[in-house]
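Accompanying notes for the structure given below.
Every number in this text was worked out from the coordinates using simple rules, so none of it is lab data. Since this is a predicted model, take the numbers as computed values, not measurements. Neighbour counts run over all protein chains shown; Cβ positions are idealised from the backbone, glycine included.
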Amino acid sequence: MGFWKRLFLPKKEYRSAAKAWVENPEKIQKSINRVLDTFFDSTLKELMPEKISLSLEPVAGLRIPEDKVKIILQGVDIRTVLPFNSVSEAMSQETQEAILEFAAGTVAAPSKFFLMKILGQSPIQEMFSLGLEKILVEFNKRLNPLAGVFQAAGFEKQISGFLTALLPSFTEKIAEMLHNSSESETGKILISNTLKIFLQTGFSDLGRLESADLRKHFEKLRKAISNDPLLEKSTEKFYENLRDAILNEYRGETLKEFLGYSDREYIRFRDSVSKTTAENILSIHKQKPLTELVAGLLEDMLA
């Protein structure tokens, strides 16, 4: 009798404790606070081990059946899914202005070499050439009453040859202008205004997402990433370098100190996160009972 009591009583106690915990948001919040306190009161050195285990193999398991992808991309009308018509309708004017100020205050200055690489691509060069050619030909038609005669004499061909020689210098000037303007007041205004247009443009006016062959391309990308040892090694190396850079300066700081929280600010942040998370866990529990899951975790730890 004692054997069976020892065998089943703990499981009953685990289940009872789990039920009491998962149905009490205050207890859940207290547990979440404990977890957050552990992390935020730990030093960066304690939180960042010298080596981490990383595997990209699980990426291969990220898949959605093709028929469901088609339904999501083709059958779902974004205008009916979202409760607003544009991004600007989803936030206050103050938030929008803060986003615009943040974007305008962030300097992103690509190098002239990088811009030349982008602008020097054949498709872009062809667009430059075709656009300039049309402008010059149209300008000639309006300016020169004998445009038809010149065209017959191969004027457009001459323009094309002229532009071929001009493009390298033209491209360099464009790259230089973009590089210089990125740090100027004009560049900041351009970034702010572009983002503002995006925020205020209705989703239906932004364009559409073409889903043709998307599944095939996603499958190829998924398999390539999951079987890329170089990417895996590079990611590990990036972590190691980032860890060294951070610990060289802030080794002894706690996460709370590193993020610049005062005690009052941290408690307000922690309580907000734990309260919201506890409410969401309870909402899930009402639809999908979590008692057995929590009881199983207790048994794993204490049995």
Item to check | Anchor Lys173: lysines whose Cα lies under 26 Å away (excluding residues fewer than 8 positions away in-chain) | outcome: Lys112, Lys117, Lys134, Lys157, Lys188
Checklist entry - Fewest to most neighbouring Cβ within 10 Å: what's the order for Arg222, Arg264? => result Arg264, Arg222
Checklist entry - What is the spin-label model distance, in nm, from Glu265 to Thr235 if the labels are put 7 Å beyond Cα along the C-beta direction? => result 3.2 nm
Item to check | Packing-based exposure ordering (other Cβ within 10 Å, fewest first) of Asp300, Asp41 | outcome: Asp300, Asp41
Item to check | Set of lysines with alpha-carbon distance to Lys12 below 16 Å, sequence-local pairs under 8 removed | outcome: none
Checklist entry - Of Val35, Val137, how do they rank once you tally other Cβ atoms within 10 Å and put the fewest first? => result Val35, Val137
Item to check | Partner aspartates and glutamates for Lys237 [C-alpha distance under 14 Å; skip if fewer than 8 residues away on the same chain] | outcome: Glu50
